[in-house]
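Read through the structure below, which is laid out as structure tokens, and then see the notes.
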């Protein structure tokens, strides 16, 4: 899977310098980790909409081109906060305190995605930001854990709702 | 009535946060931040103890640490998204050396 390769590449880049890591390697590691998570989520969303059969791959790839980074970030920053604003969560199941509660596997992967996207942007465009190996390696491990946790959460309606929100967020959030 | 800055400081008080034992934290700092889409946010810097082996961290513990910080902010009414950086003091010192 491409996301596994990208996360492995990120780990390699973050550890390639034995002593003090070069900023360019840490910056490329952040970028690889971000795109690992980006392609994973887009692929999961496309599989949910189109189906996971090999014969449906061309359709999945066509749909995948419609995802935008900014919309995905807005959705993920919201899901990452654990609750959604009323206009989005209207009609969804409520918890004891009367709110829609984002399940932990969704909340965690969403929060990590928003964080990685911001850091990817800083890594590529902001030279006033300095990256440390600690941050890069912990973020890669966090992304791997989030994917494993999200994978084991397959049958959940909350998972499907989140994956749909990755492309439908702008319209949902502005109602 | 507490200001946002006071509530943020309270939310990040190490004596009150329940953080994973495998990631000992020396201090936490916060500053106002704007993300690349122009949304207001927080930039949180978590300084880890030098003893943390970052080559063998548990991803779940990293997530637990960040969620504890996020939940503590939300509990005090701070709804800005916190972008959290984990760093060691030795890495901050290296950055100072680079600039000299």
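Relative contact order of region A:1-114: what whole-number percent is it, with Cα pairs under 8 angstrom and at least 6 residues apart? All intermediate terms of the calculation are to be shown ahead of the outcome.
On the way: 98 pairs, mean separation 24.5, N = 114.
Dividing the mean separation by the residue count of region A:1-114 yields 21 percent.
Over all directions, the average projected area of the alpha-carbon convex hull for region A:45-175 comes to how many nm²?
Details: hull surface 39.3 nm².
Seen from a random direction, the Cα hull of region A:45-175 projects 9.8 nm² on average.
Highest GNM mean-square fluctuation among B:27, B:15, B:67, for chain B modelled with Cα contacts below 10 Å: B:15. I'd like the orientation of helix B:89-99 relative to chain B: the angle between its Cα long axis and the longest Cα principal axis, in ° from 0 to 90, rounded to 10. With both axes taken from Cα atoms, the answer is about 80 degrees.
Treat region A:50-110 as a sphere of radius equal to its Kirkwood radius over Cα pairs and apply Stokes-Einstein at 25 °C in a medium of 0.890 mPa s; give the translational diffusion coefficient in µm²/s, rounded to a whole number. My calculation gives 179 µm²/s for D. Seen against the Cα atoms of chain A and their longest principal axis, helix A:104-125 is set at about 40 degrees. Could you check which residue among A:159, A:99, A:107 shows the biggest mean-square fluctuation in a GNM of chain A with a 10 Å Cα cutoff? Residue with maximal mean-square fluctuation among A:159, A:99, A:107: A:99.
Rounded to the nearest 5, what % of DSSP beta bridges with both residues in the protein assembly as shown are antiparallel?
Details: 9 of 17 bridges.
Antiparallel: roughly 55 percent of the beta bridges in the protein assembly as shown.
Given in Å, the Rg to one decimal and the Dmax to the nearest whole number for the Cα atoms of region A:7-117 are 17.4, 54.
Using a Gaussian network model of chain A whose springs link C-alpha atoms within less than 10 Å, name the residue from A:130, A:54, A:154 with the highest mean-square fluctuation. Evaluated over chain A, the most mobile residue of the options is A:54.
FRET efficiency for residue B:32 and residue A:96, Cβ-Cβ distance as r, R0 = 30 Å, nearest 0.05? Don't jump to the answer; show the numbers that get you there.
Numbers: r = 34 Å, r/R0 = 1.15.
Working from the Cβ atoms, E equals 0.30.
All C-alpha to C-alpha distances of chain B, sorted into 10 Å bins beginning at zero, yield P(r) values of 14, 44, 32, 9, 0 percent in whole numbers.
Quote the Stokes-Einstein diffusion coefficient, in whole µm² s⁻¹, for the protein assembly as shown, based on the Kirkwood radius over alpha carbon pairs, a temperature of 37 °C and a viscosity of 0.692 mPa s.
Working: Rh = 19.4 Å.
For the chosen part, D equals 169 µm²/s.
Remark: A:76, A:46 ranked as A:46, A:76, counting other beta-carbon atoms within 10 Å and listing the fewest first.
Count, for each residue of B:52-65, the Cβ atoms from other chains sitting within 10 Å of its Cβ, then give me the mean as a whole number.
Numbers: counts 2, 1, 10, 7, 2, 8, 4, 14, 7, 4, 11, 13, 2, 2.
Shielding by partners across B:52-65 averages 6.
Shielding value for B:31-43 is 3, the average number of Cβ atoms from other chains within 10 Å of each residue's Cβ. Averaged over the residues of A:106-113, the number of partner chain Cβ atoms lying within 10 Å of the residue Cβ comes to 3.
Laboratory data are not the source of any read-out in this text; all were calculated from the coordinates shown. Treat the numbers as computed from the prediction; the structure is a model and nothing was measured. Every residue, glycine as well, gets a Cβ built from its backbone with ideal geometry; the counts of neighbours run over all protein chains shown.
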